[in-house]
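Student: One structure is given below, represented as structure tokens, and several questions about it will come after.
The values are calculated or read from the model by the stated rules, or taken from the named source; none is laboratory data. Everything numeric here is computed off the predicted structure, so don't read it as measured data. Cβ sites come from the backbone with ideal geometry, for glycine too, and all protein chains shown count toward neighbours.
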Ligand SMILES: C[S@@+](CC[C@H](N)C(=O)[O-])C[C@H]1O[C@@H](n2cnc3c(N)ncnc32)[C@H](O)[C@@H]1O
């Protein structure tokens, strides 16, 4: 094979990955779908996208090179570096006109080849979805109240929240978020972030009880520091620009985070969790939480994480109870996203309901978690 034909075949494979990423956006983000479809065509013809993707051509499919490209382009728009393209991006007040999207993208792509190449190579696709605070909030109410009942207490436990895979930590303040249910708002009605959780049914808990969070901490392999402009842009760039509900949610969550900072530690989950769980607090329910993380965790880390948790669970007592609360896709229900709760020493293990991957909408329905 000559060098030219090898390059053509590598770009053909990359073009297929871009086309597959475009397909992921079908019915959800016409803008990103169109951008990636046109970029796939451009790759096949050896256009500017080939130069932007130089060095990333052989990246694994799981790193989703197409979404990294779309994120880098979105970031250019957010930074004001692509004025001719911005008119298509609702995240900056534009209105997509798909037939002219690619011709309006080309000047910015050509002008910023080096910057785009660097960013595509240096970033991983990373999101932090604040909509998941809604099932988290309901799940914490259930956990605090069930643990209290099991311990023979009348008042729900205060909660210490430990999040593994916290990304930018946007779900580490569920008690400072408002949750609009008809004409009432749970949580904090005056919050900068008020969600419409779109619940069918209700959490099996007394919703009049206030959730009291007395401690919170989070870790991530690659934490995002949302107190910096770079961190905010990083998370924002991966929200598809025409998904305005998610965009507005993220913007409000970032504003809320600025008023109530929580640092996310750089660490793999198991080591971090072992250190956190070594410290036991009396009369507090410690809750280990993760959402949409498990699929990314290596088999070794999964085994170690389970062992760390089992060790802490064995030591839990009625005055120092422990909970595991997770929102993850579940194989047994066709990879729909389920909210699941285990409580020690109460011996409770429940699936609390099922929702969309972003946490909204959500249907409360309690069944055993086997
Ligand atoms: C899809 S994001 C979800 C972020 C956040 N939990 C949410 O619901 O918005 C998955 C996160 O898990 C992190 N992650 C993956 N493996 C991890 C591990 N072994 N330990 C800690 N974090 C991990 C990634 O860096 C990424 O930030």
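Student: Answer yes or no: is there a residue in the stretch 170-187 that is free of Cβ contacts under 8 Å to residues at least 60 places away in the same chain, farther than 30 Å from residue 95 by Cβ, assigned by TED's automatic domain parsing to the domain that holds residue 281 and in a helix (DSSP H, G or I).
Tutor: Yes, because at least one residue in the stretch 170-187 is free of Cβ contacts under 8 Å to residues at least 60 places away in the same chain, farther than 30 Å from residue 95 by Cβ, assigned by TED's automatic domain parsing to the domain that holds residue 281 and in a helix (DSSP H, G or I).
Student: Shifting gears a bit: Could you run through the stretch 110-130 and say how many residues are surrounded by 15 or more Cβ atoms within 10 Å (Cβ to Cβ) and within 28 Å of the chain's Cα centre (by Cα)?
Tutor: Here the count works out to 13.
Student: What residue, of 169, 152, 165, is within 12 Å of the ligand (Cβ to nearest atom), over 19 Å from residue 339 (Cβ atoms) and at pLDDT 95 or above?
Tutor: Result of the check over 169, 152, 165: 169.
Student: Assess whether residue 45 counts as being free of Cβ contacts under 8 Å to residues at least 12 places away in the same chain, out of contact with any strand residue (DSSP E or B) (no Cβ under 9 Å at 6 or more places or on another chain), more than 30 Å from residue 357 (Cα to Cα) and outside the structural domain of residue 168 (by TED's automatic domain parsing).
Tutor: Yes; evaluated as a whole, the condition is true for this residue.
Student: Let me ask something else about it. I'm trying to understand the selection: among the residues of the stretch 332-369, which are farther than 21 Å from residue 170 by Cβ and outside any strand (DSSP E or B)?
Tutor: Correct list: 332, 333, 334, 335, 345, 346, 347, 369.
Student: If I filter the stretch 77-84 for residues that are within 16 Å of residue 237 (Cα to Cα) and buried (at least 21 other Cβ atoms within 10 Å of the Cβ), do I get at least one hit?
Tutor: Yes.
Student: Name the residue, out of 134, 143, that is at pLDDT 95 or above, within 15 Å of the ligand (Cβ to nearest atom) and either in the same structural domain as residue 265 (by TED's automatic domain parsing) or touching a strand residue (DSSP E or B) at 6+ places or on another chain (Cβ under 9 Å) (or both).
Tutor: 134
Student: Oh, and also: Residues to consider are 21, 54; find the one that is touching a helix residue (DSSP H, G or I) at 6+ places or on another chain (Cβ under 9 Å) and buried (at least 21 other Cβ atoms within 10 Å of the Cβ).
Tutor: 21
Student: Pull up the stretch 346-360, narrow it to residues that are surrounded by fewer than 18 Cβ atoms within 10 Å (Cβ to Cβ) and in contact with a strand residue (DSSP E or B) (Cβ under 6 Å, 6 or more places away or on another chain), then point me to the one that is nearest to residue 28 (Cα to Cα).
Tutor: Out of the qualifying residues, it is 357.
Student: So residue 275 clears everything in (1) farther than 29 Å from residue 188 by Cα; (2) surrounded by fewer than 16 Cβ atoms within 10 Å (Cβ to Cβ); (3) within 10 Å of the ligand (Cβ to nearest atom) except one condition, right? Which one?
Tutor: The number of the failed condition is (3).
Student: How about the stretch 294-324: which of its residues are within 23 Å of residue 142 (Cα to Cα) and at pLDDT below 95?
Tutor: Answer for the stretch 294-324, where residues must be within 23 Å of residue 142 (Cα to Cα) and at pLDDT below 95: just 294.
Student: May I pose another question? All but one of (1) touching a helix residue (DSSP H, G or I) at 6+ places or on another chain (Cβ under 6 Å); (2) part of a helix (DSSP H, G or I); (3) farther than 19 Å from residue 107 by Cβ hold for residue 69; which doesn't?
Tutor: With (1) touching a helix residue (DSSP H, G or I) at 6+ places or on another chain (Cβ under 6 Å); (2) part of a helix (DSSP H, G or I); (3) farther than 19 Å from residue 107 by Cβ applied to residue 69, the lone miss is (3).
Student: Another question about this same structure. Before we move on, is residue 211 outside any strand (DSSP E or B) and either away from the ligand (no atom under 16 Å from the Cβ) or not assigned by TED's automatic domain parsing to the domain that holds residue 272 (or both)?
Tutor: When the stated conditions are applied, residue 211 passes them.
Student: State yes or no: is residue 90 touching a helix residue (DSSP H, G or I) at 6+ places or on another chain (Cβ under 8 Å) and in the same structural domain as residue 254 (by TED's automatic domain parsing)?
Tutor: no
Student: Would you please name the residue that is farthest from the ligand (Cβ to nearest atom), looking only at residues in the stretch 114-131 that are assigned to a loop (DSSP other than H, G, I, E, B) and over 30 Å from residue 158 (Cα atoms)? Steps first, answer last, please.
Tutor: Looking only at the stretch 114-131, we keep the residues that are assigned to a loop (DSSP other than H, G, I, E, B), and these are 123-129.
Then keep just the ones that are over 30 Å from residue 158 (Cα atoms); that gives 123-126.
Numbers: 123: 12, 124: 7, 125: 8, 126: 5 Å.
Across the stretch 114-131, the extreme among qualifying residues is 123.
Student: Related question: Being surrounded by fewer than 20 Cβ atoms within 10 Å (Cβ to Cβ) and away from the ligand (no atom under 16 Å from the Cβ) is the filter here, so list the residues in the stretch 285-312 that pass it.
Tutor: 310, 311
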